[in-house]
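The values are calculated or read from the model by the stated rules, or taken from the named source; none is laboratory data. Computed from a prediction, not measured in an experiment: that's the story for all the values here. No Cβ is skipped: glycine too gets one built from the backbone with ideal geometry, and neighbour counts run over all protein chains shown. Remember, those area values only see protein heavy atoms, side chains included, never the ligands or the DNA or RNA. Shrake-Rupley method; radii C 1.70, N 1.55, O 1.52, S 1.80 Å.
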Amino acid sequence: MTDVSVTKEDTVPPGDLVVLKDVNKHFGALHVLQDIDLTITRGEVVVVIGPSGSGKSTLCRTINRLETIDAGTITIDGKPLPQEGKALARLRADVGMVFQSFNLFAHKTVLENVMLGQIKVRRTDKKQAEEKARALLDRVGVGTQADKYPAQLSGGQQQRVAIARALAMDPKVMLFDEPTSALDPEMINEVLEVMQQLARDGMTMIVVTHEMGFARSAANRVVFMADGRIVEEATPDQFFSNPRSDRAKDFLSKIL
Ligand code: ADP
Ligand code: MG
């Protein structure tokens with residue numbers, strides 16, 4: 001297909017939302033990300049799996065610039081990652097992030113948690129921010145908890161608030177780094193269901209998880225990492241039924 005439009009970002013096709021090219025990062029002597037090439041297209045759900053220490057969290061953290069990179073490029077929606085300042089704050093808002101530990105503001109109510117970024121970063125007026133926060137809290141099933149503080153909620157509820165808070169910024173892409181790993185087993189599904197719904201609604205998502213059921217049902221693509229490299233990329237069907245690399249076979253034999 002020929003793209004006749006000429007823009008200064010003409011190297012990035014319009015469907016490509018997150019593009020990592022030849023990304024490398026070290027922590028001292030540790031080469032934690034090695035020659036990472038990864039393109040996430042709009043609406044795609046990519047599940048990243050791999051052994052502990054393989055660089056999955058670091059990969060997520062570089063995408064919203066919680067970590068810098070040593071070499072390579074990362075573009076979000078055609079724009080290179082800003083270095084600092086307001087542009088960086090806006091970029092972070094475009095890239096919603098949900099962590100293993102829910103990271104809610106403990107001294108703010110649930111409602112305030114979901115309003116805050118809208119007001120501070122998006123400059124939304126208070127009334128609108130509250131309306132949107134309430135709608136999002138309803139959407140993730142915790143509307144009745146709006147006036148409580150995070151510590152008064154279960155882990156599953158807190159994580160759903162964290163998802164609502166990220167969504168309140170109208171992110172272009174959502175990153176999830178093991179969002180259910182810290183949860184009691186009975187709360188895992190309530191969080192995965194919210195994520196499933198988000199995927200069905202067309203959100204672009206990068207999800208680090210060990211929940212293979214989620215990967216099978218929600219992912220368009222599985223990215224398998226080991227030792228800081230992307231070792232294998234495949235559809236969930238291909239990956240789970242016929243992994244190509246020994247590293248992936250070994251990994252799957254331990255977790256399935
Ligand atoms: P994963 O999420 O796949 O378990 P991480 O990205 O958290 O892997 O970590 C990859 C490697 O980088 C590990 O060996 C980890 O100890 C190391 N690492 C992560 N963060 C830092 C840091 N801030 N400083 C030094 N080493 C780090
Ligand atoms: Mg991790």
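For the range 37-152, the alpha-carbon radius of gyration amounts to 1.23 times the rule-of-thumb value 2.2 N^0.38 Å expected for a compact globular protein. Charge dipole of the chain (Cα centre as origin; +1 on each Lys and Arg Cβ, -1 on each Asp and Glu Cβ, all else neutral): 700 debye, rounded to the nearest 20.
Other residues with beta-carbon under 10 Å from the beta-carbon of Gly50 carry, at +1 per Lys or Arg and -1 per Asp or Glu, a net charge of +1. Taking all protein chains as shown and a probe of 1.4 angstrom, Lys254 keeps an accessible surface of around 150 Å². Here's how it looks for Val231: its modeled amide H is under 5 Å from those of Phe224, Met225, Ala226, which are all 5 or more places away or on a different chain.
Any idea of the accessible area per residue across the range 98-242, 1.4 Å probe, to the nearest Å²?
With the other protein chains kept in place, the range 98-242 gives 45 Å² per residue.
Global dimensions of the chain from alpha-carbon coordinates: Rg and Dmax equal 18.4, 55 Å.
Among beta bridges from DSSP that stay inside the chain, the antiparallel ones total about 55%.
Starting from 0.36 nm per residue, how many nanometres of slack lie between Ala182 and Lys108 once their C-alpha separation is accounted for?
On the way: separation 74, 0.36 × 74 = 26.64 nm, distance 2.15 nm.
Fully extending the segment from Ala182 to Lys108 adds 24.5 nm.
Subtracting the Cα-Cα distance of Lys79 and Lys126 from their residue separation scaled by 0.36 nm leaves 14.0 nm.
Helices in the chain, meaning DSSP H runs of at least 4 residues, each add -39500 (n - 2.57). Divided by all residues, the mean residue ellipticity at 222 nm is -11000 deg cm²/dmol.
A Cα-only calculation for the range 32-75 places Rg and Dmax at 10.9, 29 Å.
Shown for the chain: the carbon plus sulfur share of the solvent-accessible area, taken with all protein chains present and a 1.4 angstrom probe, equals 49%.
Taking Phe27, Phe102, Phe239 in turn, the Gaussian network model of the chain (Cα-Cα springs below 10 Å) assigns the largest fluctuation to Phe27. The solvent-accessible area of Met203, taken with every protein chain present and a 1.4 Å probe, is close to 30 Å². Each Lys and Arg Cβ is given +1 and each Asp and Glu Cβ -1; about its Cα centre, the range 1-146 then shows a dipole of about 720 debye. Go ahead and run the numbers for FRET between Arg244 and Lys148, Cβ-Cβ distance against an R0 of 41 Å, rounding to 0.05. Efficiency at R0 = 41 Å is approximately 0.30.
To the nearest 20 debye, what charge dipole does the range 68-148 have about its Cα centre, counting +1 at the Cβ of each Lys and Arg and -1 at the Cβ of each Asp and Glu?
Here the range 68-148 has a charge dipole of around 240 debye.
Using R₀ = 41 Å, calculate the FRET efficiency as 1/(1 + (r/R₀)^6) where r is the Cβ-Cβ separation of Asp170 and Ala29; round to 0.05. Calculated value: 0.55. Computed from backbone phi, the HN-Hα couplings of the range 127-142 come to 5, 5, 4, 5, 4, 5, 4, 5, 5, 5, 4, 4, 4, 8, x, 10 Hz, rounded to whole numbers (Karplus: 6.51 cos²θ - 1.76 cosθ + 1.60, θ = phi - 60°; Gly and Pro given as x).
Summing charges over neighbours of Ser154, with a neighbour being any other residue whose Cβ is under 12 Å away from its Cβ, gives -1 when K and R count +1 and D and E count -1.
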